[in-house]
């Protein structure tokens, strides 16, 4: 009984650490602290957002060939660096965002994961607004992440992220922010 209780407490502590990391990540992105965010990206990351497909009588079908983006470490680094340049036209004026991360679930059921990795699912709602317009939009999504512990620290890096939008059609001209 005591061992079970300790295992439950350990799981709660890990879940709390993961939640705090995801909240911290959202804060970094909302504050446009992109280099600090990128410090939490693993060298072997896969970062993708497949297109949702409409099929009769099915709710969640995603393309295995079509993506809004399908990126790796190099392409993410180039995007972060581009924000610092005069060539980030899609972000002139900058997009204001507010991210809401909810329904965080941590699992270890995937046998393909290393000992220092956690499978994490979460819901994400992002509010976007630009300039002095009253136009705004929302992205609603389910994220499936693999977070990897960094050494002995209570810190994580993002090793894999798949973003599954609830929308089938985007109401914006581009996806220039990080989700």
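The values are calculated or read from the model by the stated rules, or taken from the named source; none is laboratory data. The shown structure was predicted, so the numbers you read here are calculated from the model rather than taken from an experiment. A quick note on method: Cβ atoms are made from the backbone with ideal geometry, for glycine too, and the neighbour counts reach across all protein chains shown.
Figures for the structure shown
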| quantity | calculated |
| --- | --- |
| Exclusive hit being within 14 Å of the chain's Cα centre (by Cα), modelled with pLDDT of 75 or more, surrounded by fewer than 17 Cβ atoms within 10 Å (Cβ to Cβ) and closer than 22 Å to residue 17 by Cα, set 161, 99, 150, 142 | 142 |
| Which numbered condition residue 114 misses (of (1) more than 18 Å from residue 45 (Cβ to Cβ); (2) part of a loop (DSSP other than H, G, I, E, B)) | (1) |
| Count of the stretch 114-137 residues which are touching a strand residue (DSSP E or B) at 6+ places or on another chain (Cβ under 6 Å) and over 20 Å from residue 12 (Cβ atoms) | 9 |
| Cβ-Cβ under 8 Å pairs, at least 6 apart or on other chains, the stretch 150-173 side part of a strand (DSSP E or B), far side surrounded by fewer than 18 Cβ atoms within 10 Å (Cβ to Cβ) and modelled with pLDDT under 80 | 164/60; 164/62 |
| Exclusive hit being surrounded by fewer than 13 Cβ atoms within 10 Å (Cβ to Cβ) and either part of a helix (DSSP H, G or I) or without any contact (Cβ under 8 Å) to a residue 40 or more places away in the chain (or both), set 26, 7 | 7 |
| Residue 47 being surrounded by 17 or more Cβ atoms within 10 Å (Cβ to Cβ), assigned to a strand (DSSP E or B) and touching a helix residue (DSSP H, G or I) at 6+ places or on another chain (Cβ under 7 Å) | yes |
| Residues satisfying the stated conditions in the stretch 117-136, i.e. more than 18 Å from the chain's Cα centre (by Cα), touching a residue at least 24 places away in the same chain (Cβ under 8 Å) and outside any loop (DSSP other than H, G, I, E, B) | 129, 130 |
